[in-house]
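See structure below.
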Amino acid sequence: MWIRLSDSNEINKKTVYKKITLKDVAQKAGVSYASVSAVLNNPLESRIRVSEKTKQKILQVADTLGYFPDIMARSLKSGKKSLIAVFTYEKKFPIEVNNEFYGFFVGVEKASEKLGYDLLIINRRPTIDDKFSRVLFADGAIVIGIHKDAESIKTLVRQHFPIVFIGRREFQGIKTNWITFDYETVICELLEHMYKKYVRSFIYLEDIDSIGEASQDKKRFLLIAAAKKNMHIKTYEVNNDFTLKKDFIDDIKNKKAVILSRIKQIEPFETLCKREGIVIGKDILAAVLEDDWTGCFSDWTRWSNKRTELGESAVNLLIKHLADCNIESKETAVKPELIISRTTQGK
(Lines give C-alpha, C1' and ligand atoms only; values in the text may rest on other atoms or scores of the structure.)
Protein backbone atom coordinates (compact mmCIF):
# COMPACT_ATOMS: atom_id res chain seq x y z
CA MET A 1 0.00 0.00 0.00
CA TRP A 2 1.23 3.51 -0.82
CA ILE A 3 0.12 6.71 0.94
CA ARG A 4 -0.39 9.91 -1.03
CA LEU A 5 1.68 13.01 -0.20
CA SER A 6 0.92 16.36 -1.85
CA ASP A 7 3.41 19.15 -2.65
CA SER A 8 2.51 22.29 -0.70
CA ASN A 9 3.21 24.40 -3.78
CA GLU A 10 -0.26 24.91 -5.29
CA ILE A 11 1.16 26.06 -8.64
CA ASN A 12 3.42 23.09 -9.23
CA LYS A 13 1.38 20.64 -7.21
CA LYS A 14 2.64 17.08 -7.51
CA THR A 15 1.47 13.86 -5.99
CA VAL A 16 4.14 11.70 -4.39
CA TYR A 17 3.53 8.17 -3.13
CA LYS A 18 5.29 6.63 -0.16
CA LYS A 19 5.24 2.94 0.60
CA ILE A 20 3.95 1.97 4.05
CA THR A 21 6.79 0.47 6.10
CA LEU A 22 7.14 -1.31 9.43
CA LYS A 23 8.41 1.98 10.87
CA ASP A 24 5.18 3.72 9.83
CA VAL A 25 3.12 1.03 11.54
CA ALA A 26 5.26 1.25 14.70
CA GLN A 27 4.91 5.05 14.90
CA LYS A 28 1.15 4.97 14.33
CA ALA A 29 0.64 2.14 16.85
CA GLY A 30 2.98 3.72 19.41
CA VAL A 31 5.04 0.55 19.83
CA SER A 32 8.59 -0.50 19.08
CA TYR A 33 9.82 -1.43 15.62
CA ALA A 34 10.91 -4.80 16.99
CA SER A 35 7.37 -5.58 18.18
CA VAL A 36 5.90 -4.72 14.77
CA SER A 37 8.51 -6.83 13.00
CA ALA A 38 7.81 -9.77 15.32
CA VAL A 39 4.08 -9.63 14.55
CA LEU A 40 4.17 -8.90 10.80
CA ASN A 41 7.35 -10.65 9.68
CA ASN A 42 7.45 -14.43 10.25
CA PRO A 43 5.57 -14.40 13.60
CA LEU A 44 6.01 -18.16 14.01
CA GLU A 45 9.81 -17.82 13.89
CA SER A 46 10.18 -14.68 16.04
CA ARG A 47 11.74 -14.96 19.50
CA ILE A 48 10.28 -11.63 20.63
CA ARG A 49 7.18 -12.04 22.77
CA VAL A 50 4.34 -9.61 22.13
CA SER A 51 1.18 -9.47 24.23
CA GLU A 52 -2.12 -10.32 22.57
CA LYS A 53 -3.38 -6.75 23.15
CA THR A 54 -0.33 -5.22 21.45
CA LYS A 55 -0.50 -7.78 18.65
CA GLN A 56 -4.13 -6.90 17.88
CA LYS A 57 -3.30 -3.19 17.94
CA ILE A 58 -0.44 -3.69 15.47
CA LEU A 59 -2.62 -5.78 13.14
CA GLN A 60 -5.39 -3.17 13.27
CA VAL A 61 -3.01 -0.30 12.45
CA ALA A 62 -1.34 -2.31 9.67
CA ASP A 63 -4.74 -3.01 8.15
CA THR A 64 -5.81 0.64 8.43
CA LEU A 65 -2.63 1.92 6.80
CA GLY A 66 -2.73 -0.80 4.16
CA TYR A 67 0.64 -2.34 4.99
CA PHE A 68 1.73 -5.45 3.13
CA PRO A 69 5.10 -7.26 3.42
CA ASP A 70 7.88 -6.76 0.92
CA ILE A 71 8.11 -10.32 -0.39
CA MET A 72 11.29 -9.67 -2.37
CA ALA A 73 13.14 -8.20 0.60
CA ARG A 74 11.99 -11.03 2.84
CA SER A 75 13.17 -13.52 0.24
CA LEU A 76 16.63 -11.96 -0.06
CA LYS A 77 17.03 -12.01 3.71
CA SER A 78 15.86 -15.55 4.41
CA GLY A 79 16.35 -17.31 1.09
CA LYS A 80 12.69 -18.32 1.34
CA LYS A 81 10.03 -16.63 -0.77
CA SER A 82 6.98 -17.87 1.18
CA LEU A 83 5.31 -18.07 -2.21
CA ILE A 84 3.41 -20.99 -3.74
CA ALA A 85 2.64 -21.02 -7.45
CA VAL A 86 -0.76 -22.38 -8.49
CA PHE A 87 -0.77 -23.40 -12.14
CA THR A 88 -3.57 -24.54 -14.40
CA TYR A 89 -3.98 -25.11 -18.13
CA GLU A 90 -7.46 -23.59 -17.99
CA LYS A 91 -7.92 -20.47 -20.12
CA LYS A 92 -9.37 -18.72 -17.09
CA PHE A 93 -8.21 -19.34 -13.56
CA PRO A 94 -10.86 -21.23 -11.50
CA ILE A 95 -12.03 -18.39 -9.23
CA GLU A 96 -15.75 -18.78 -10.00
CA VAL A 97 -17.93 -21.22 -8.06
CA ASN A 98 -19.30 -22.83 -11.23
CA ASN A 99 -15.82 -23.99 -12.28
CA GLU A 100 -15.10 -27.65 -11.51
CA PHE A 101 -11.62 -26.76 -10.20
CA TYR A 102 -12.88 -23.97 -7.91
CA GLY A 103 -13.10 -26.17 -4.80
CA PHE A 104 -9.46 -27.26 -5.22
CA PHE A 105 -8.33 -23.63 -5.41
CA VAL A 106 -10.31 -22.68 -2.29
CA GLY A 107 -8.53 -25.44 -0.39
CA VAL A 108 -5.12 -24.35 -1.67
CA GLU A 109 -5.89 -20.75 -0.68
CA LYS A 110 -7.07 -21.72 2.83
CA ALA A 111 -4.08 -23.91 3.63
CA SER A 112 -1.56 -21.44 2.16
CA GLU A 113 -2.95 -18.57 4.22
CA LYS A 114 -2.90 -20.69 7.36
CA LEU A 115 0.74 -21.60 6.79
CA GLY A 116 1.84 -18.05 5.94
CA TYR A 117 2.32 -18.46 2.20
CA ASP A 118 1.24 -16.09 -0.57
CA LEU A 119 -0.02 -17.42 -3.91
CA LEU A 120 1.31 -16.80 -7.39
CA ILE A 121 -1.55 -17.55 -9.77
CA ILE A 122 -0.56 -18.74 -13.24
CA ASN A 123 -2.86 -19.90 -16.00
CA ARG A 124 -2.28 -20.96 -19.58
CA ARG A 125 -1.12 -18.22 -21.93
CA PRO A 126 -0.93 -19.78 -25.41
CA THR A 127 1.25 -16.98 -26.81
CA ILE A 128 4.07 -17.70 -24.37
CA ASP A 129 6.22 -20.78 -24.90
CA ASP A 130 8.11 -20.65 -21.60
CA LYS A 131 4.90 -20.79 -19.54
CA PHE A 132 6.53 -22.69 -16.70
CA SER A 133 9.42 -20.26 -16.21
CA ARG A 134 7.11 -18.04 -14.15
CA VAL A 135 6.61 -20.90 -11.68
CA LEU A 136 10.27 -20.54 -10.62
CA PHE A 137 9.48 -17.27 -8.85
CA ALA A 138 7.85 -19.40 -6.14
CA ASP A 139 9.20 -21.91 -3.60
CA GLY A 140 7.10 -24.69 -5.14
CA ALA A 141 3.95 -25.28 -7.16
CA ILE A 142 0.49 -26.82 -6.96
CA VAL A 143 -0.76 -27.90 -10.37
CA ILE A 144 -4.48 -28.21 -11.14
CA GLY A 145 -6.00 -29.76 -14.24
CA ILE A 146 -4.88 -31.92 -17.15
CA HIS A 147 -1.40 -31.33 -18.51
CA LYS A 148 -0.37 -31.10 -22.12
CA ASP A 149 3.26 -30.06 -21.66
CA ALA A 150 5.10 -33.09 -20.34
CA GLU A 151 8.56 -31.79 -21.26
CA SER A 152 8.21 -28.63 -19.16
CA ILE A 153 7.07 -30.74 -16.22
CA LYS A 154 10.00 -33.10 -16.63
CA THR A 155 12.43 -30.18 -16.75
CA LEU A 156 11.13 -28.73 -13.49
CA VAL A 157 11.18 -32.11 -11.73
CA ARG A 158 14.74 -32.80 -12.89
CA GLN A 159 15.74 -29.42 -11.45
CA HIS A 160 14.31 -30.66 -8.11
CA PHE A 161 11.67 -27.93 -8.15
CA PRO A 162 8.93 -29.06 -5.71
CA ILE A 163 5.62 -29.77 -7.48
CA VAL A 164 2.44 -31.43 -6.21
CA PHE A 165 -0.34 -32.35 -8.62
CA ILE A 166 -3.99 -32.38 -7.62
CA GLY A 167 -5.04 -35.67 -9.17
CA ARG A 168 -2.82 -38.54 -10.25
CA ARG A 169 -0.31 -37.38 -12.84
CA GLU A 170 2.41 -39.61 -14.20
CA PHE A 171 5.08 -38.90 -16.80
CA GLN A 172 7.44 -41.42 -18.34
CA GLY A 173 10.92 -41.34 -16.87
CA ILE A 174 10.24 -39.17 -13.79
CA LYS A 175 8.68 -39.51 -10.37
CA THR A 176 5.83 -37.15 -9.57
CA ASN A 177 4.14 -36.14 -6.33
CA TRP A 178 0.36 -36.08 -6.38
CA ILE A 179 -2.71 -36.35 -4.23
CA THR A 180 -6.04 -37.71 -5.40
CA PHE A 181 -9.35 -39.14 -4.26
CA ASP A 182 -9.60 -42.69 -2.98
CA TYR A 183 -11.75 -43.82 -5.90
CA GLU A 184 -11.19 -47.51 -5.22
CA THR A 185 -12.84 -47.58 -1.78
CA VAL A 186 -15.86 -45.42 -2.63
CA ILE A 187 -16.54 -47.30 -5.89
CA CYS A 188 -16.47 -50.60 -4.01
CA GLU A 189 -18.99 -49.16 -1.56
CA LEU A 190 -21.23 -48.05 -4.43
CA LEU A 191 -21.28 -51.47 -6.08
CA GLU A 192 -21.90 -53.11 -2.71
CA HIS A 193 -24.94 -50.86 -2.31
CA MET A 194 -26.23 -51.65 -5.80
CA TYR A 195 -25.60 -55.37 -5.30
CA LYS A 196 -27.84 -55.24 -2.23
CA LYS A 197 -30.47 -53.72 -4.50
CA TYR A 198 -30.25 -56.93 -6.59
CA VAL A 199 -28.27 -55.32 -9.42
CA ARG A 200 -26.23 -58.02 -11.16
CA SER A 201 -25.46 -56.20 -14.41
CA PHE A 202 -25.39 -52.54 -15.39
CA ILE A 203 -24.50 -50.08 -18.15
CA TYR A 204 -21.50 -47.80 -17.78
CA LEU A 205 -21.61 -44.50 -19.71
CA GLU A 206 -17.97 -43.60 -20.33
CA ASP A 207 -17.22 -40.01 -21.25
CA ILE A 208 -14.69 -40.26 -24.09
CA ASP A 209 -13.85 -36.54 -23.81
CA SER A 210 -12.37 -37.12 -20.34
CA ILE A 211 -8.87 -38.37 -21.06
CA GLY A 212 -7.08 -37.82 -17.74
CA GLU A 213 -5.78 -40.27 -15.19
CA ALA A 214 -8.85 -39.78 -12.98
CA SER A 215 -11.15 -41.18 -15.68
CA GLN A 216 -8.80 -44.11 -16.21
CA ASP A 217 -8.66 -44.82 -12.47
CA LYS A 218 -12.43 -44.71 -12.00
CA LYS A 219 -13.03 -47.13 -14.87
CA ARG A 220 -10.28 -49.49 -13.68
CA PHE A 221 -11.61 -49.63 -10.11
CA LEU A 222 -15.17 -50.05 -11.40
CA LEU A 223 -14.14 -53.07 -13.47
CA ILE A 224 -12.23 -54.60 -10.55
CA ALA A 225 -15.10 -54.09 -8.08
CA ALA A 226 -17.65 -55.49 -10.55
CA ALA A 227 -15.50 -58.56 -11.18
CA LYS A 228 -15.32 -59.28 -7.44
CA LYS A 229 -19.12 -59.25 -7.31
CA ASN A 230 -19.53 -61.16 -10.58
CA MET A 231 -21.46 -58.19 -11.95
CA HIS A 232 -21.61 -57.77 -15.73
CA ILE A 233 -20.82 -54.37 -17.29
CA LYS A 234 -21.75 -53.14 -20.75
CA THR A 235 -19.92 -49.94 -21.65
CA TYR A 236 -21.24 -47.25 -23.94
CA GLU A 237 -18.86 -44.48 -25.02
CA VAL A 238 -20.47 -41.05 -25.18
CA ASN A 239 -19.17 -37.58 -26.00
CA ASN A 240 -20.44 -34.13 -25.14
CA ASP A 241 -23.23 -34.53 -27.73
CA PHE A 242 -24.42 -37.61 -25.82
CA THR A 243 -25.03 -39.58 -29.00
CA LEU A 244 -25.81 -43.24 -28.24
CA LYS A 245 -26.45 -46.40 -30.20
CA LYS A 246 -30.07 -47.28 -30.95
CA ASP A 247 -30.02 -50.36 -28.72
CA PHE A 248 -29.11 -48.28 -25.65
CA ILE A 249 -32.73 -47.70 -24.56
CA ASP A 250 -33.52 -51.40 -24.75
CA ASP A 251 -30.39 -52.20 -22.77
CA ILE A 252 -31.16 -49.86 -19.89
CA LYS A 253 -34.69 -51.24 -19.69
CA ASN A 254 -33.33 -54.78 -19.55
CA LYS A 255 -30.41 -54.21 -17.18
CA LYS A 256 -32.29 -51.62 -15.10
CA ALA A 257 -29.09 -49.98 -13.81
CA VAL A 258 -26.79 -47.30 -15.21
CA ILE A 259 -23.60 -45.72 -13.88
CA LEU A 260 -22.48 -42.40 -15.34
CA SER A 261 -18.82 -41.41 -15.36
CA ARG A 262 -19.26 -37.61 -15.11
CA ILE A 263 -21.69 -35.20 -13.49
CA LYS A 264 -22.10 -33.37 -16.82
CA GLN A 265 -23.85 -36.46 -18.24
CA ILE A 266 -26.78 -36.21 -15.83
CA GLU A 267 -28.87 -33.59 -17.62
CA PRO A 268 -28.80 -35.23 -21.08
CA PHE A 269 -29.40 -38.64 -19.48
CA GLU A 270 -32.40 -37.33 -17.53
CA THR A 271 -33.76 -35.75 -20.72
CA LEU A 272 -33.39 -39.06 -22.55
CA CYS A 273 -35.16 -41.00 -19.79
CA LYS A 274 -37.99 -38.49 -19.59
CA ARG A 275 -38.55 -38.75 -23.35
CA GLU A 276 -38.70 -42.55 -23.11
CA GLY A 277 -40.98 -42.53 -20.06
CA ILE A 278 -38.33 -44.06 -17.77
CA VAL A 279 -38.44 -42.95 -14.13
CA ILE A 280 -34.95 -42.86 -12.59
CA GLY A 281 -34.95 -44.37 -9.11
CA LYS A 282 -38.04 -46.43 -9.84
CA ASP A 283 -37.83 -48.06 -13.28
CA ILE A 284 -34.03 -48.06 -13.25
CA LEU A 285 -31.29 -47.36 -10.71
CA ALA A 286 -28.62 -44.81 -11.55
CA ALA A 287 -25.49 -43.34 -9.97
CA VAL A 288 -22.58 -41.12 -11.00
CA LEU A 289 -18.86 -41.59 -10.33
CA GLU A 290 -18.23 -38.04 -9.20
CA ASP A 291 -19.10 -35.53 -6.53
CA ASP A 292 -21.80 -32.94 -7.11
CA TRP A 293 -19.46 -29.95 -7.37
CA THR A 294 -22.25 -28.04 -9.16
CA GLY A 295 -24.66 -28.34 -6.24
CA CYS A 296 -27.49 -29.16 -8.66
CA PHE A 297 -27.89 -32.94 -8.34
CA SER A 298 -28.50 -33.75 -4.69
CA ASP A 299 -31.06 -36.41 -5.64
CA TRP A 300 -28.38 -38.49 -7.38
CA THR A 301 -26.34 -41.20 -5.70
CA ARG A 302 -22.75 -39.96 -5.83
CA TRP A 303 -19.89 -39.23 -3.46
CA SER A 304 -19.26 -36.24 -1.22
CA ASN A 305 -17.51 -33.09 -2.37
CA LYS A 306 -14.02 -33.19 -0.83
CA ARG A 307 -12.35 -30.84 -3.31
CA THR A 308 -11.49 -28.18 -0.74
CA GLU A 309 -9.98 -30.82 1.53
CA LEU A 310 -7.96 -32.19 -1.39
CA GLY A 311 -6.62 -28.70 -2.15
CA GLU A 312 -5.59 -28.23 1.48
CA SER A 313 -3.90 -31.63 1.54
CA ALA A 314 -1.98 -30.74 -1.63
CA VAL A 315 -0.48 -27.69 0.10
CA ASN A 316 0.43 -29.72 3.19
CA LEU A 317 2.15 -32.29 0.97
CA LEU A 318 4.03 -29.55 -0.88
CA ILE A 319 5.25 -28.04 2.39
CA LYS A 320 6.75 -31.43 3.33
CA HIS A 321 8.64 -31.45 0.04
CA LEU A 322 9.82 -27.87 0.60
CA ALA A 323 11.29 -29.01 3.89
CA ASP A 324 13.08 -31.89 2.16
CA CYS A 325 13.39 -31.78 -1.63
CA ASN A 326 14.77 -35.32 -1.63
CA ILE A 327 11.78 -36.81 0.15
CA GLU A 328 10.63 -40.01 -1.52
CA SER A 329 7.85 -39.49 -4.06
CA LYS A 330 4.70 -40.60 -2.31
CA GLU A 331 1.08 -40.38 -3.43
CA THR A 332 -1.72 -39.85 -0.94
CA ALA A 333 -5.48 -39.98 -1.17
CA VAL A 334 -8.53 -38.29 0.36
CA LYS A 335 -11.53 -40.58 0.79
CA PRO A 336 -14.93 -39.22 -0.27
CA GLU A 337 -18.07 -40.51 1.42
CA LEU A 338 -20.71 -42.38 -0.58
CA ILE A 339 -23.99 -40.45 -0.65
CA ILE A 340 -27.00 -42.66 -1.37
CA SER A 341 -29.93 -40.74 -2.77
CA ARG A 342 -33.20 -41.09 -4.68
CA THR A 343 -31.70 -42.46 -7.92
CA THR A 344 -30.80 -45.81 -6.32
CA GLN A 345 -33.71 -46.19 -3.94
CA GLY A 346 -35.64 -48.54 -6.20
CA LYS A 347 -39.32 -49.40 -5.95
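The values are calculated or read from the model by the stated rules, or taken from the named source; none is laboratory data. Predicted model only: the values in this text are computed from it and were never measured. Using ideal geometry, Cβ is built from the backbone for each residue, glycine included, and neighbour counts are taken over all protein chains shown. Just the protein is used for accessible areas: all its heavy atoms, side chains included, with ligands, DNA and RNA removed. Shrake-Rupley method; radii C 1.70, N 1.55, O 1.52, S 1.80 Å.
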Practice task
Just subtract the alpha-carbon distance of TYR236 and ASN98 from 0.36 nm times their residue separation and send over the number in nm, one decimal.
Solution key: 46.9 nm
Exercise for the section: Tell me which residues come under 5 Å, amide H to amide H, from VAL258 once H is placed; ignore anything under 5 positions away on its chain. Expected result: ILE203, LEU285, ALA286, ALA287
Practice task
Work through the residues other than LYS335 whose Cβ is under 11 Å from its Cβ and net out their charges, Lys, Arg +1 and Asp, Glu -1.
Solution key: -4
Practice task
For the stretch 137-249, divide the Cα radius of gyration by the Kirkwood radius and give the resulting Rg/Rh value with two decimals.
Solution key: 1.09
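How much accessible area per residue does the stretch 210-347 have, counting only protein heavy atoms and a probe of 1.4 Å, in square angstrom?
52 Å²
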Practice task
Report relative contact order for the stretch 217-347 in percent, whole number only (criteria: Cα-Cα under 8 Å, sequence separation at least 6).
Solution key: 24 percent
Handout entry: TRP303 long-range amide H proximity, modeled H, under 5 Å
Key = GLU290, ASP291, ASP292, ILE339
Exercise for the section: Give the carbon-plus-sulfur fraction of the accessible surface of the stretch 150-309 in %, rounded to a whole number; probe 1.4 Å, heavy atoms of protein chains only. Expected result: 47 percent
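Quick one: ranking LEU317, LEU244 by accessible area, 1.4 Å probe, largest first, what do you get?
LEU244, LEU317
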Handout entry: Selection from VAL135, TYR204, HIS160, by position along the positive dipole direction of the stretch 134-217 (Cβ)
Key = HIS160
Fill in the blank from the handout: Per its Cα gyration tensor (rounded if a/c is under 1.5, else prolate when a/b beats b/c, else oblate), the stretch 251-347 is best filed as prolate
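My understanding is that a pair violates if its Cα-Cα distance is over 23 Å; which of LYS229/LYS255; LYS218/LYS306; LYS110/LYS175; LYS196/LYS306; LYS154/LYS320 do that in this structure?
LYS110/LYS175; LYS196/LYS306
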